[in-house]
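First, the structure itself, so that you have it in front of you.
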Amino acid sequence: MSEPERTFTYGERLGMAFSVEAGFLSTLAVSILLTAIVYKAIKRRLDPDSRIQPFFRSPMDYLFLILLFNDFIQSMGYVTILVWARDGKVTPGTTCTAQGVLQHVGEVGTALSTLAIAIYTFKSLLLPWTVHRTHQPWLMPLVVFGLILLFQLLMTLIPAVGVHGNPEKPFYGVAGYWCWITAYYPGERLGLE
């Protein structure tokens with residue numbers, strides 16, 4: 001049930017290059033934004049009298065940072081397609097497994113971060129009750145981040161090591177033009193997409 005190894009055509013490799021470019025641009029954009037956030041925070045910390053507004057003013061800002069972090073992980077998975085485009089084929093191994101984990105963790109994290117932002121937006125706009133405001137706007141997003149991280153770890157480790165730890169049927173492996181959850185586990189592929 002493993003994907004058959006084959007050499008990619010020029011057209012397929014060219015198409016893979018577009019995925020690599022999208023992954024690279026996403027990685028670059030997120031890196032620039034995170035660098036600007038860190039720079040602004042350091043500058044504000046060094047000069048408390050500066051007129052620089054803090055980036056983190058509400059829980060939504062923290063949730064957005066969690067989304068950026070997960071998008072960065074996912075985009076790194078797309079950048080690794082470069083190896084397969086260069087080689088002309090996808091081969092099982094350490095790089096393949098690493099890409100599968102990056103894709104898996106990034107997709108689950110991005111989906112959960114987006115869900116957290118949607119829930120917070122829904123609560124903020126449509127529900128009349130409010131959460132008791134504290135002087136720690138980071139507390140709720142920190143709990144959300146912890147839950148997302150826990151879910152990511154559980155959804156990555158339990159299937160890969162515990163439940164599906166069969167070396168004859170690897171959980172991560174060749175999945176067409178890149179590496180991800182193998183065809184041995186169609187339910188997990190669908191559920192964790």
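So in segment 89-110, with the set limited to residues that are open to solvent by less than 20 Å² (accessible area, probe 1.4 Å) and among the small types (Gly, Ala, Ser), which one is farthest from the chain's Cα centre (by Cα)?
Filtering first and then ranking leaves Gly100.
Against the condition at pLDDT below 95, among the aliphatic types (A, V, I, L, M) and exposed (fewer than 11 other Cβ atoms within 10 Å of the Cβ), how does Leu14 come out, does it pass?
no
Which residue, of Val20, Val101, is assigned to a helix (DSSP H, G or I), touching a helix residue (DSSP H, G or I) at 6+ places or on another chain (Cβ under 7 Å) and within 25 Å of Glu168 (Cα to Cα)?
Val101 is the lone residue from the list that is assigned to a helix (DSSP H, G or I), touching a helix residue (DSSP H, G or I) at 6+ places or on another chain (Cβ under 7 Å) and within 25 Å of Glu168 (Cα to Cα).
Would you check which residues across segment 46-88 are under 20 Å from the mean Cα position of the chain (by Cα) and part of a loop (DSSP other than H, G, I, E, B) and list them?
Thr80 - this is the single residue of segment 46-88 that is under 20 Å from the mean Cα position of the chain (by Cα) and part of a loop (DSSP other than H, G, I, E, B).
Moving on. Which of the residues belonging to segment 159-174 are open to solvent by less than 80 Å² (accessible area, probe 1.4 Å) and not aromatic (Phe, Trp, Tyr)?
Of everything in segment 159-174, those that are open to solvent by less than 80 Å² (accessible area, probe 1.4 Å) and not aromatic (Phe, Trp, Tyr) turn out to be Pro159, Ala160, Gly162, His164, Gly165, Asn166, Pro170, Gly173, Val174.
Taking the stated definitions as given, is Pro48 buried (at least 20 other Cβ atoms within 10 Å of the Cβ) and farther than 22 Å from Pro159 by Cβ?
Against the criterion (buried (at least 20 other Cβ atoms within 10 Å of the Cβ) and farther than 22 Å from Pro159 by Cβ), Pro48 does not qualify.
Kindly indicate whether any position in segment 175-193 is open to solvent by 30 Å² or more (accessible area, probe 1.4 Å), closer than 30 Å to Tyr10 by Cα, in contact with a strand residue (DSSP E or B) (Cβ under 6 Å, 6 or more places away or on another chain) and modelled with pLDDT under 90.
yes
Restricting attention to segment 51-72, which residues are of a type outside the set (S, T, N, Q), modelled with pLDDT of 85 or more and open to solvent by less than 30 Å² (accessible area, probe 1.4 Å)?
Within segment 51-72, Leu63, Ile66, Leu68 qualify.
Kindly list the number of the only condition in (1) closer than 24 Å to Gln99 by Cα; (2) open to solvent by less than 100 Å² (accessible area, probe 1.4 Å); (3) in a loop (DSSP other than H, G, I, E, B) that fails for Arg6.
So the condition that Arg6 fails would be (2).
The values are calculated or read from the model by the stated rules, or taken from the named source; none is laboratory data. Note that this is a predicted model, so its numbers are computed, not measured. Glycine also receives a Cβ, built like all others from the backbone with ideal geometry; neighbour counts cover every protein chain displayed. Each accessible area value is taken on the protein alone, full model and side chains, heavy atoms only, with ligands, DNA and RNA left out. Shrake-Rupley method; radii C 1.70, N 1.55, O 1.52, S 1.80 Å.
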